[in-house]
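First comes the structure, then the notes that go with it.
Just so you know, all these numbers are worked out from the coordinates, no wet-lab data involved. Small disclaimer: the values here were computed from a predicted structure and weren't measured. When we count neighbours, we look across all protein chains shown, and the Cβ atoms used for this are built from the backbone with ideal geometry, even at glycine.
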Amino acid sequence: MAIDYAKIGLKVGLEIHQQLNTKAKLFCSCPPALFKEEPQITFLRRLRPTQSELGQVDPAAFFEFQKGMRILYEANRATSCLVEMDEEPPHPLNMEAVEVVLTAALMMNMQPIDEVHVMRKTVIDGSNTTGFQRTCIIASDGWIKVGEKTIPMQAASLEEDAARKTGEEDAGKTIRYRIDRLGIPLIEVATAPVIYSPAEAQEVALAIGMILRDTGKVMRGLGTIRQDLNVSISNGALMEIKGVQELDLIAKVVEYEVRRQLGLLQVKEELNSRGVKAEDLQQEFVDASAVFQQTKCKVIRKAMDKGQMVLAVKLPKFGGILKRELMPGFRVGTELSDRAKFWGRVGGIFHTDEMPNYGITVEEVEALRKTVGAGNEDAVVFVADTSENAHDALKAVVERAQEAIAGVPAETRTAKEDGTTRYMRPRPGAARMYPETDIPPVLLTSELMEKIRANLPEPGEKKVARLMKEYSLNEKLAKQVVDSGYAALLENIVKASSVSATTVAAFLTETLKALKRDGVQVENVADEQVLEIFRAVGAGELAKEAAADVFAWLSKHEDKSLNDAVENLGLRLLSKEELEVIVDRVVAENKRSIEELGNKAFGLLMGAVMKEVRGKADPDLVARLLRQRLR
Ligand SMILES: [Zn+2]
């Protein structure tokens, strides 16, 4: 059923984080690069909640701490130093990054602030070795045009990226983070919550992405841009959705979130009409292990064999509610399960709305209902784990069920690849920022601002017109090049090689798009390597038909060179002498045809030679040699 987004009062705000392609990280001189090899250094830390300047422990931070986590950090020497390890104070702010943010901010009509103050934002999920993320506002109060609509832009900030999670151990009690990503500069731009439909959210994100790319200083590829969405509907709640990685997914994420909230509002009405009150839901947990002594359910069997227990709780009058679908493959039961996983560290929960299932029999379900004193109108949730985990899990389940009676709880959620979202953590409190005393403020002088203003990138439309004029590209191709963000690379290639702009442009747009469709990781190939490919094409060392194969090979062999690719793919061009031998042979083999056809034999011979040397010789050279020989 189509949703009337205006009627339900949908409001979306976007927060876009994009990694900057600067020479160094934000607070040290390490390169902003990731590594794939085994780490050279690892160290273990346990994080504590930080006392903020206001003397309060942030509630969100405290909750994270309650989980009793240990963090195992991984590093190598090429991509991190003592700053990322929090063994050395941060160096002064990277001015190259400040200039990129100022450039983007001016393109979004924002007002730069006078003086940049680095602040600390409490983060204690372990993704920052310090326990906080450094961030600074660079400009505020701007606008961009998207179609006919003016979208107010709230602010542009510069932030350090966090370490990236690479795994978990000890049933989630130890988390592994790699600190190569920590400290990579991020620009963060936020819109006001004035977006009123899923499609519009995607359009605005696209427009912002284009402006950021126009600075020529942002990274490309999956994982370099992350979109956070603030989504709310009337009567629902404000949801913070983190980490949408694909632009194309934004509309779907918003739509699913709206459906989820509408579904939760229906659940609330249903529960209210059934007369359920929050106080009816009690944290009365019953040991139901006896029910499952002979069970065929593998999960429960495994837990029992380890000496763990089955703990159950009754949710009065919740019968049938937990199986209601809120998003594809996501039910009210999933809401409870996500909370149980987060707070109770359990693998998941069972509930009577999905029974009999998973090897649990009708008889076991009946016995379970009896054990907890539940009737058919009630639901029973049960979990098999250690006593501590099981209690924490069911406590979270009861709290979530109580919230269902009130409606939609405000949460921080994380976006999945299929567009659905999952519970991530409670919404953080407001008092999360305090000044970073290790870094002096930076004055944005009028000289600096003049320099930025004088070097603003050309807006998209102007660039299209210029590419058409200077490089004789047709309008479609020029537009595609600008949209792809490859305009600067195109110009560099055309200047450095004698290859025609149209050939290069078609490669950077159509060919790369096709390669991407075929699963080639195009972002693995650096601009410099693409430039080299075309330099070789221009110099007659590589057939232009072979460029795509070379590119695809390089994407899979990141530490290899163009020469390696040419060698491995057998694409080395034949020398004139080698070609002459082949031409002579083909002519000799076709002597009779030549005598019969005379000059008309050229096409036939050309085809025969090219069949042997395609991708290894320039067709023009082959034709020249063949004509000479025929004469
Ligand atoms: Zn460093």
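So if R0 is 45 Å, what FRET efficiency would GLU399 and ASP4 give, r being the distance between their Cβ atoms, rounded to the nearest 0.05? Write out the running numbers ahead of the final one.
Values: r = 33 Å, r/R0 = 0.72.
E between GLU399 and ASP4, to the nearest 0.05, is 0.85.
Full extension of the chain segment joining ALA78 with ASN474 gains 138.2 nm, where the gain is 0.36 nm per residue of separation less the Cα-Cα distance.
Entry for the range 253-293 at q = 0.15, 0.21, 0.24, 0.35 Å⁻¹: log10 I(q)/I(0) = -0.64, -0.75, -0.80, -1.07, Debye formula applied to identical alpha-carbon scatterers, no solvent contribution. For the chain, the relative contact order is 13 percent, taking Cα pairs closer than 8 Å that sit 6 or more residues apart in sequence and dividing their mean separation by the residue count.
Shown here for the range 213-316: trypsin sites (Lys or Arg not before Pro) in loop regions (DSSP other than H, G, I, E, B) with at most 11 other Cβ atoms within 10 Å, namely LYS306.
Which three semi-axes in whole Å describe the equivalent ellipsoid of the range 334-485, each the square root of 5 times a Cα gyration tensor eigenvalue, listed largest first?
Working: eigenvalues 652, 137, 31 Å².
Those come to 57, 26, 12 Å.
Every helix of 4 or more DSSP H residues in the chain counts as -39500 (n - 2.57), and over all residues that averages to -12000 deg cm²/dmol at 222 nm. Using C-alpha pairs under 8 Å with a sequence gap of at least 6, the mean separation divided by the residue count of the range 257-373 gives a relative contact order of 29 percent.
Dividing the alpha-carbon radius of gyration of the chain by 2.2 N^0.38 Å (N being the number of residues), what value is obtained? Can you show the working numbers first?
Numbers: Rg = 30.9 Å, N = 631, 2.2 N^0.38 = 25.5 Å.
Working it through for the chain, the quotient is 1.21.
With no solvent and one point on each alpha carbon, what is the Debye value of log10 I(q)/I(0) for the range 276-406 at q = 0.17, 0.21 Å⁻¹? For the range 276-406 at q = 0.17, 0.21 Å⁻¹, log10 I(q)/I(0) is -0.82, -1.30. The relative contact order of the range 15-230, computed from alpha carbon pairs under 8 Å that lie at least 6 residues apart in sequence, is 29 percent.
Relative to the present Cα-Cα distance, how much length would full extension add between ILE113 and LEU597 at 0.36 nm per residue of separation?
Details: separation 484, 0.36 × 484 = 174.24 nm, distance 8.00 nm.
Stretched out fully, the ILE113 to LEU597 stretch lengthens by 166.2 nm.
In summary, the convex hull built on the alpha carbon positions of the range 15-230 has an orientation-averaged projected area of 13.0 nm².
Distance between the 7 Å Cα→Cβ label points at ALA539 and GLU37: 2.8 nm. From largest to smallest, the equivalent ellipsoid semi-axes obtained for the range 446-603 from the alpha-carbon gyration tensor read 40, 20, 14 Å.
Dipole check for the range 576-630: with +1 at the C-beta of Lys and Arg, -1 at the C-beta of Asp and Glu, and the Cα centre as origin, the magnitude is about 140 Debye. Site pair ARG466 and ALA454 shows an inter-label distance of 1.7 nm when each label is modelled 7 Å from Cα along Cα→Cβ.
Relative to the current alpha-carbon distance between GLN245 and GLU148, full extension at 0.36 nm per residue lengthens the span by 32.2 nm. The alpha-carbon atoms of the range 576-630 define a convex hull whose volume equals 65 cubic angstrom per residue. In this label model, GLU578 and GLU558 are separated by 3.2 nm, measuring between points 7 Å along each Cα→Cβ vector.
Could you estimate the translational diffusion coefficient of the range 426-535 from the Stokes-Einstein equation, with Rh from the Kirkwood formula over C-alpha pairs, at 37 °C and 0.692 mPa s, in whole µm²/s?
On the way: Rh = 17.2 Å.
It comes out at roughly 191 µm²/s.
Distance distribution note for the range 215-254: the fraction of Cα pairs above 14 angstrom is 54%.
At a Förster distance of 22 Å, what's the computed FRET efficiency of ASN524 paired with MET610, Cβ-Cβ distance as r, to 0.05?
Working: r = 32 Å, r/R0 = 1.44.
With a Förster radius of 22 Å, E is 0.10.
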